[in-house]
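Q: Below are the structure tokens for one structure; questions will follow.
The values are calculated or read from the model by the stated rules, or taken from the named source; none is laboratory data. None of the values given here were measured: they were computed from a predicted structure. Cβ placement follows ideal geometry from the backbone for every residue including glycine, while neighbour counts extend to all protein chains displayed. Remember, those area values only see protein heavy atoms, side chains included, never the ligands or the DNA or RNA. Shrake-Rupley method; radii C 1.70, N 1.55, O 1.52, S 1.80 Å.
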Amino acid sequence: MKQCAFPLLLSLLFFKTGFSQNATIILPAVQRSSNITADWADRAVITGTGTRPAGENVLWYRQPAKVWEEALPLGNGRLGAMVFGGVADERIQLNESTLWDGYPLNPNNPDALKALPEVRRLLFENKNNEAVELASKTMMGKPIGVRPYQSLGELWFDETNVTATKYTRSLNLSTAVVTVKYTSDGIDYTRESFASAVDGVIVVRLTASQANKISLRLTLKRQQDAMCMPSANDASSLILHGRLPVKDDAGNPRGLSFAAQVKAVAEGGKVTVTDSLLIVDNATAVTFYVTGATNYPGLKNLTAGITTSNADPIKLCNDAVNKAALKPYEQLKAAHIADYQFYYNRVTLAFANVPENISSLPTDEQLQHAKLTGEPDAALVQKYFQFGRYLLISSSRPGGMPANLQGLWAWQMDPPWNADFHTNINVQMNYWPAEIANLGELHTPLFDLSDELVKPGEQTAKTEYGAKGWVVHHLTDAWGFTAPADGPQGIWPMGAAWLAQHPWEHYCYTGDKQFLAKRAYPLMKGAAQFIMDFLVVAPEGSACPGKLVTNPSYSPENTFILPDGTQSVFTYGATMDLEIIHDLLTHCILACDVLKTDADFKAQCQKTLDQLAPIRISPATGRIMEWAEDYKEVEPHHRHTSHLFGLFPGNQITVAGTPELAAAAQKTLEARGDDGTGWSLAWKINMWNRLQDGNHAYKLLSVLLGTKTLPNLFDNHPPFQIDGNFGATAAIAEMLLQSQQRLDDGSFVLQLLPALPAALPAGIVKGLCARGGFVVNIEWKDGKLVRAEITSKLGGKLPVSYNSKTVTFTTKAGETIKLDGTLARM
Ligand code: FUC
């Protein structure tokens, strides 16, 4: 099926007129039929300047989006929308988080296991490229990669107004409502949009200050594989329906079915639907109820072995819009805001000393100011932090899919890197803010994904490595792909071990032993079982004889120079592997103690840890060595700082506990430099925080906001990739609070303002979470702690530290400890 066809269709969006070579006519939205791209043109001429919308954490602009990366995101965890805010021509691009190409398959390479001993021998004999060649031939998944996450479709409409004044469009982060406002011919027009998790619809409402002034034509579109048509059972709805064309090896169709629906309810005027057009004439107000659905079986079903679903996406859409349309608009909106604020309102952040002349600028100009001055204003940092929380609330809800490389927002049929779940940094980074920013429940889709990967991961472990436990390589999809993908960089069997850090952290923050026993520990144990089978003893003549190392091993995705001047990527015992393994086995041992279980397994973990090759410092450079051999990197400023996993998100390298390693980590960061892709910067900001150097952290945050942030505040790899948003959100929180230091009695030290930058001298944060089950409010001024209020959810010991002083309290569940700037009780 191809995209919807229009009668009298003109095939170009822009077409040159016969009168002048350069003049172009822009067609009204519903007549456009060229390929869908990121670009958008609104025919309206906008004059004058709109005024700043009310509210503090608001993204706002004085012109519609000309490109997708300027549009404003809405999401309810499952449905996503990008609102362009066009006046004459509006585009709302739609996503549904389960719309993945592909199907479950067995991608494991049967040749891998036989080749593994030879690959290992070659690597131990420093014949790195011979190993790369053999592994590339024998170990790669079949197919060698995953299929993409795709856009659901597009809602386009054109209105009669082609001029506007006082134009603004905005996203209010405290209500999750996008508002477009303008005046045309003396009439004030307002459009409000939100994505309701309560009602499973995106609601768009158009109003005008005079009766019967809204007339428009609307259609649903998709680049491929779908048709737009009237609803069979609703005279005011359009449906976009399709099926992905993928077939299995036997030729059976395996693609998901999907649908989107828009229903219009007008006040005054009338709504008609013909072919692929929905027409509203002379309405005073109109509300669109938009939804989408697929027959994806869901992560929980896939985990249970149920790989197909009989769900009818058209019926699902119909039910959702009809149910929503029965409710008054104000009721839908109030329910949406209440649901959203249940999460959002848990944390407030207010930096003082915010310069009003800059903080009142439209967001794109505020960003431009950050770029020109090299330093973001504090209001932008505050907004960026809350935007990160907004994005997680909008793209990761319990029971749904985890946030992918683009959260859930993608306009393409083949987004960059398939908008997949990259497990060698990116999907984990998405969840760094979840606990500290008081959104712990939103972490659960990542655990659901991990659960779903266990069975296929066990199959991969067995087929490719002859190992027990579960393994995930450097990426996965919605269908449980766990084999090596893409190329040699995909032979990185550490994904499960890293993923297993997350449920452990969830336990540390919540103290939920039931969760630890039922969900976290099984994931951790299975990941550790794979690791313990995979590790091998390094032979004499290698860099670490007698020690346990990974082999093959890859420091994502870096290349080094061999002594003979050639380049390679494969090695044994890359430092990141050792750090991830140290993290995992340490946590497994702690979990066994908490749960009083598995003494033998615990002993095995301990024995493995004792024999694991250590992190080493290069005698030549004083930096943390990235590989077992002290190779030079091809790209000294490479974006991955993998060998500092132990600094962040691990906790093996600490300023207080391992000062030599911390100093070497600092040298490593200095050598890697203060630039990078969006996510790379976000990672390094967190690392500088852990080195307690808030000023250096802020320097990199300034680079991120000044150079790697798109006008809509989306992170720019480039291209758009959401991990940098989430990574930097966690980093802003960790400037103010850290709690990773675990004492022998199981309590965690709460460090107040551990990496406060001079650029943020005063402010109040309320509601950050700390390990051990604490909720923390902090006020500071002139760069110094003024007071802190720490509420204990679970009771227990509370060590608090500030400025090298530590005081320990004993708390009862529900109790709030109030402290002054010297940590004395108030
Ligand atoms: C990793 C990174 C790339 C990109 C991709 C999605 O492979 O090295 O920069 O972010 O993930």
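Q: Within segment 426-458, take every residue that is part of a loop (DSSP other than H, G, I, E, B) and surrounded by fewer than 24 Cβ atoms within 10 Å (Cβ to Cβ) and give me the one that is farthest from the ligand (Cβ to nearest atom). Give the derivation first.
A: Filtering segment 426-458 for residues part of a loop (DSSP other than H, G, I, E, B) gives 431, 437-439.
Applying the additional criterion that residues be surrounded by fewer than 24 Cβ atoms within 10 Å (Cβ to Cβ) yields 438-439.
Details: ASN438: 27, LEU439: 23 Å.
Ranking the qualifying residues of segment 426-458, first place goes to ASN438.
Q: Quick check on segment 224-274: of everything there that is farther than 30 Å from ASP414 by Cβ and hydroxyl-bearing (Ser, Thr, Tyr), which residue is surrounded by the most Cβ atoms within 10 Å (Cβ to Cβ)?
A: This residue is SER236.
Q: Return the total of residues in segment 191-221 being assigned to a strand (DSSP E or B) and open to solvent by 30 Å² or more (accessible area, probe 1.4 Å).
A: Going residue by residue through segment 191-221, those that are assigned to a strand (DSSP E or B) are 191-196, 201-208, 214-221.
Filter once more, so that each one left must be open to solvent by 30 Å² or more (accessible area, probe 1.4 Å): 192, 205, 207, 217.
The total comes to 4.
Results for (1) farther than 22 Å from MET494 by Cβ; (2) within 16 Å of the ligand (Cβ to nearest atom); (3) of a type outside the set (D, E, K, R), shown as yes or no for each residue.
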residue	(1), (2), (3)
SER542	no, no, yes
PRO545	yes, no, yes
ASN551	no, no, yes
TYR554	no, yes, yes
ILE561	yes, no, yes
GLY565	yes, no, yes
VAL569	no, yes, yes
GLU579	no, no, no
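Q: Looking only at strands (runs of 3 or more DSSP E) that fall completely inside segment 224-294, which ones have 3 or more residues that are within 20 Å of GLU96 (Cβ to Cβ)?
A: Numbers: elements: 226-230, 237-243, 257-267, 270-274, 277-283, 285-294.
In segment 224-294, the matching strands (runs of 3 or more DSSP E) lie at 226-230, 237-243, 257-267, 285-294.
Q: Can I ask one more? Within segment 599-632, how many residues turn out to be hydrophobic (A, V, I, L, M, F, W, C), surrounded by 17 or more Cβ atoms within 10 Å (Cβ to Cβ) and part of a loop (DSSP other than H, G, I, E, B)?
A: Within segment 599-632, residues that are hydrophobic (A, V, I, L, M, F, W, C), surrounded by 17 or more Cβ atoms within 10 Å (Cβ to Cβ) and part of a loop (DSSP other than H, G, I, E, B) number 5.
Q: What do you reckon, is ARG389 open to solvent by less than 10 Å² (accessible area, probe 1.4 Å), within 14 Å of the chain's Cα centre (by Cα) and either within 16 Å of the ligand (Cβ to nearest atom) or not hydroxyl-bearing (Ser, Thr, Tyr) (or both)? Full working, then the answer.
A: Working: open to solvent by less than 10 Å² (accessible area, probe 1.4 Å): yes; within 14 Å of the chain's Cα centre (by Cα): yes; either within 16 Å of the ligand (Cβ to nearest atom) or not hydroxyl-bearing (Ser, Thr, Tyr) (or both): yes.
The answer is yes for ARG389.
Q: Condition test on GLU635, is it part of a helix (DSSP H, G or I) and surrounded by fewer than 16 Cβ atoms within 10 Å (Cβ to Cβ)?
A: Spelling it out, it is not the case that GLU635 is part of a helix (DSSP H, G or I) and surrounded by fewer than 16 Cβ atoms within 10 Å (Cβ to Cβ).
Q: Tell me which of these THR729 doesn't satisfy, since it passes every other one: (1) of a type in the set (Ser, Thr, Tyr); (2) touching a strand residue (DSSP E or B) at 6+ places or on another chain (Cβ under 6 Å); (3) buried (at least 23 other Cβ atoms within 10 Å of the Cβ).
A: It is condition (2) that THR729 fails.
Q: Would you check which residues across segment 126-156 are β-branched (Val, Ile, Thr) and buried (at least 24 other Cβ atoms within 10 Å of the Cβ) and list them? First the steps, then the outcome.
A: First, the residues of segment 126-156 that are β-branched (Val, Ile, Thr): 132, 138, 144, 146.
Within segment 126-156, just VAL146 meets the criteria.
Q: Is one or more of the residues making up segment 777-792 of a type outside the set (Val, Ile, Thr), open to solvent by 40 Å² or more (accessible area, probe 1.4 Å) and outside any strand (DSSP E or B)?
A: Yes, that holds for at least one residue.
Q: Also, I was wondering about something else. Among (1) of a type in the set (D, E, K, R); (2) within 16 Å of the ligand (Cβ to nearest atom); (3) modelled with pLDDT of 95 or more; (4) over 27 Å from HIS502 (Cα atoms), where does LYS699 come up short?
A: Of the numbered conditions (1) of a type in the set (D, E, K, R); (2) within 16 Å of the ligand (Cβ to nearest atom); (3) modelled with pLDDT of 95 or more; (4) over 27 Å from HIS502 (Cα atoms), the odd one out for LYS699 is (2).
Q: State all residues of segment 559-583 that are of a type in the set (D, E, K, R), open to solvent by 10 Å² or more (accessible area, probe 1.4 Å) and within 30 Å of GLN741 (Cα to Cα); if no residue qualifies, say none.
A: Taking segment 559-583 first, the residues of a type in the set (D, E, K, R) are 564, 577, 579, 583.
Of the ones still in play, those that are also open to solvent by 10 Å² or more (accessible area, probe 1.4 Å) are 564, 583.
Passing the criteria: only ASP583.
Q: Still on this structure, I have one more. Is there any pair linking a residue in segment 391-420 that is aromatic (Phe, Trp, Tyr) to one that is within 15 Å of the ligand (Cβ to nearest atom), with Cβ under 7 Å and at least six apart or on different chains, and which?
A: Going by the 7 Å Cβ cut-off, the qualifying pairs are TRP417/LEU405.
Q: Could you list all residues from segment 460-511 that are within 19 Å of ARG147 (Cα to Cα) and charged (D, E, K, R)?
A: ASP477, ASP486
Q: Which numbered condition trips up GLY480, out of (1) on the phi < 0 side of the Ramachandran plot; (2) not in a helix (DSSP H, G or I)?
A: (1) is the only condition that GLY480 fails.
Q: Select from segment 349-381 the residues that are open to solvent by 20 Å² or more (accessible area, probe 1.4 Å) and within 15 Å of VAL58 (Cβ to Cβ) and write down the one among them that is nearest to the chain's Cα centre (by Cα).
A: Keep residues of segment 349-381 that are open to solvent by 20 Å² or more (accessible area, probe 1.4 Å), which gives 350, 352-358, 360-361, 364-365, 368-369, 371-375.
Those still in the list that are within 15 Å of VAL58 (Cβ to Cβ) too: 350, 354, 356, 358, 360-361, 364-365.
Values: ALA350: 24, VAL354: 28, GLU356: 31, ILE358: 28, SER360: 28, LEU361: 27, ASP364: 22, GLU365: 25 Å.
Result: ASP364.
Q: Continuing with this model, one more query. Restricting to segment 650-686, and then to whatever is surrounded by 22 or more Cβ atoms within 10 Å (Cβ to Cβ) and of a type in the set (Val, Ile, Thr), can you tell me which residue is farthest from the ligand (Cβ to nearest atom)?
A: ILE653
Q: Do you know which of the residues in segment 399-425 that are within 13 Å of the ligand (Cβ to nearest atom) and of a type in the set (S, T, N, Q) is nearest to PHE385 (Cα to Cα)?
A: Per the stated criteria, the residue is GLN406.
Q: Search segment 45-68 for residues that are more than 30 Å from ILE25 (Cβ to Cβ) and pair each with any residue that is charged (D, E, K, R) and open to solvent by less than 10 Å² (accessible area, probe 1.4 Å) when their beta-carbon atoms are under 6 Å apart and the residues are at least 6 apart or on different chains.
A: Note: pairs meeting the criteria are ASN57/LYS383.
Q: For residues that are in contact with a Ser or Thr (Cβ under 8 Å, 6 or more places away or on another chain), away from the ligand (no atom under 16 Å from the Cβ) and farther than 14 Å from GLY305 by Cα, tally how many sit in segment 459-484.
A: 5
Q: Could I ask something else about it? Looking at ASP693, is it within 27 Å of THR559 (Cβ to Cβ), away from the ligand (no atom under 16 Å from the Cβ) and either buried (at least 24 other Cβ atoms within 10 Å of the Cβ) or charged (D, E, K, R) (or both)? Let's see the steps before the verdict.
A: Values: within 27 Å of THR559 (Cβ to Cβ): no; away from the ligand (no atom under 16 Å from the Cβ): yes; either buried (at least 24 other Cβ atoms within 10 Å of the Cβ) or charged (D, E, K, R) (or both): yes.
For ASP693, the condition - within 27 Å of THR559 (Cβ to Cβ), away from the ligand (no atom under 16 Å from the Cβ) and either buried (at least 24 other Cβ atoms within 10 Å of the Cβ) or charged (D, E, K, R) (or both) - is not met.
Q: Further question on the same structure: Being over 23 Å from TRP504 (Cα atoms) and polar (S, T, N, Q) is the requirement here; does THR654 meet it? Spell out how you get there, then give the answer.
A: Working: over 23 Å from TRP504 (Cα atoms): no; polar (S, T, N, Q): yes.
Spelling it out, it is not the case that THR654 is over 23 Å from TRP504 (Cα atoms) and polar (S, T, N, Q).
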